Amino acid sequence: MPAELVCFEERCRARFPITEVLYNCPRCGGLLEAIYPDAPPPAAELRGLWRGRRASNAPLDQSGVWRYREFLPFLSDYDPVVTLREGNTPLLDAPRAAQYGGLDRLTFKHQGFNPTGSFKDNGMTCGVAQARRLGMRRVACVSTGNTSASMAAYASAAGLQPVVFIPHGNIAYGKLAQALEYGALTLQVEANFDQILALVRNLAEQLGIYLLNSINPFRIEGQKTIMAEMMDQRDWRAPDWVVLPGGNLGNTSAFGKALREMKAMGLIDRLPRLAVVQAEGSAPFCELLRSADRSRLNRVEHPETLATAIRIGDPVSWPKALREVLATGGVVERVSEQEIADAKAVVGRCGIGCEPASAATLAGIRKLTAAGIMRGEADVVAVLTGNLLKDPDYIYRYHTGELKDPKGVAIQPRFGNRPVVAPNDPEQLRTILERY
Ligand code: F0G
């Protein structure tokens, strides 16, 4: 039986052919997900197959997404696939960050090592493959930056036309630069992410443009492989916790689905707990988890954070994310701008580095261990979602003491590393170096 799209809402569960262009359930408006009616191959067979492909020179096998293709069998053939060798991201031990976070040990799964520098590439190779399979010519996304960079690259590589919609003035320069360089028609709209997404969802349908935001169920399928690859790298030993930043909550949904499915397939024997971390000024999901009524998310009208990747007040995937977090016994935390900035500098000092949204993970870990929710000896994997070079402006301002939070309050450069302007004079240079 071929894969199908199914409505995520328990009360509906309507099913649709995998080749229908749908983003929401036409019956109830619920979110959709891909399901696979056929029984998967046995776990032992899959583990061997996937490990074996690491030695292969075939493009599909070299991709850290398509290597796991039996885990996301939504295509009937692989002709539409364009791979830039996405995934293949390392697990990095970071003792210094562990200490800062109150843990004995901490491992980062660094998605910033992807071809366009963020975890979006894992999903985008799948979304673009589905677009080609459906015969679409134009693809679009609304983005806080990384999705647009990724979509622009994959669409151009696949011969499709990318159209990106971004909030004017509120995206990191590295990301905007990527969208331009990869050839996307780039529309800087004078509205915030949530407002533009509402606008474009209607427009895309009217204009026959394929939408590649994270409500697109095929992007979620690709992002599942972040968890599959992580487990493979750990020889299928599940950690106690997986920590990730939360914005539009696509990744939280993808990780939850991946963990659920891997458990059902016998690839792992228990579920790690998901810990989602949001920025204080953009934390509607954290609010939801703390409220008595979880049937409705109260959106944040004017979301604010310097971690622009997660500057989102009305996350579309919250119903999925809620169910996934609860199913793992997970938690949602929020952290301040100062906490994000310091955690980010600590990740940098480990020689690893990441963009601001990613650093919310370490800031969240520090809070969760201090609160006794996460034990110091816990086995924790934190997902760094984006590369350090995405937002160099933030970095320079932090280290020089010029960074201000959205309310205009100065961020203290507790781990600051100011550049030293030096004269062209050997004696004075010697003095500076001796003093350092
Ligand atoms: N980290 C980074 C670096 C991101 O770019 C994003 C989302 C997130 C975390 C949050 O992930 O939305 O799945 O909860 N960026 C999107 C974009 C919204 O347009 O690039 P999420």
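Here are the numbers for the structure shown:
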read-out	value
log10 of Debye I(q)/I(0), alpha-carbon scatterers only, for the chain at 0.08, 0.12 Å⁻¹	-0.42, -0.96
Portion, in percent, of the accessible area of region 251-290 that falls on carbon or sulfur, probe 1.4 Å	44 percent
Dipole in debye (nearest 20) - region 354-436, about Cα centre, beta carbon charges: Lys, Arg +1; Asp, Glu -1	320 debye
Accessible surface, the chain, averaged per residue in Å² (probe 1.4 Å)	41 Å²
Relative contact order [Cα under 8 Å, 6+ residues apart], region 145-189, whole percent	49 percent
Ordering of 219-225, 207-213, 260-266 by burial proxy (mean other Cβ atoms within 10 Å per residue, highest first)	219-225, 207-213, 260-266
Sites Met265 and Glu301, calculated FRET efficiency, Cβ-Cβ separation with R0 56 Å, nearest 0.05	0.85
Histogram of C-alpha separations across region 1-68, 10 Å bin width, %	19, 31, 28, 20, 3
Size of charge dipole - the chain - debye, nearest 20, with Cβ of Lys, Arg +1 and Asp, Glu -1, no other charges	400 debye
With every protein chain in place, region 71-157: carbon and sulfur % of accessible area (1.4 Å)	45 percent
Dipole of the chain, positive end: most advanced residue of Tyr100, Ala149, Pro356 [Cβ charges, Cα centre]	Tyr100
Relative contact order for the chain, counting Cα pairs under 8 Å that sit 6 or more residues apart, in percent	16 percent
Protection proxy ranking of 405-415, 77-87 - average other beta-carbon atoms within 10 Å, highest first	77-87, 405-415
Those trypsin sites (Lys or Arg not before Pro) in region 265-320 that DSSP places in a loop and that have at most 16 other beta carbons within 10 Å	Arg270, Arg294, Arg296, Arg299
By average C-beta atoms within 10 angstrom, highest first, the peptides 325-335, 185-195, 91-101	325-335, 91-101, 185-195
DSSP bridge pairs, the chain: antiparallel proportion in percent, nearest 5	30 percent
Computed helical MRE - 222 nm, the chain, DSSP H runs ≥ 4 contributing -39500 (n - 2.57), nearest 500	-11500 deg cm²/dmol
Mean-position separation - Cα centroids, region 68-117 and region 170-241, in angstrom	15 Å
Dipole of the chain [Lys/Arg +1, Asp/Glu -1 at C-beta], most positive-end residue of Gln178, Gly64, His302	Gly64
Estimated dipole of region 1-57 in Debye, rounded to 20 [Cβ of Lys and Arg +1, of Asp and Glu -1, Cα centre]	260 debye
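The values are calculated or read from the model by the stated rules, or taken from the named source; none is laboratory data. Quick caveat, the model's predicted, so the values are computed rather than measured. Positions of Cβ are generated from backbone atoms using ideal geometry, with glycine treated the same way; all protein chains shown enter the neighbour counts. We work out accessible area using only protein heavy atoms, side chains counted, and drop any ligands, DNA or RNA first. Shrake-Rupley method; radii C 1.70, N 1.55, O 1.52, S 1.80 Å.
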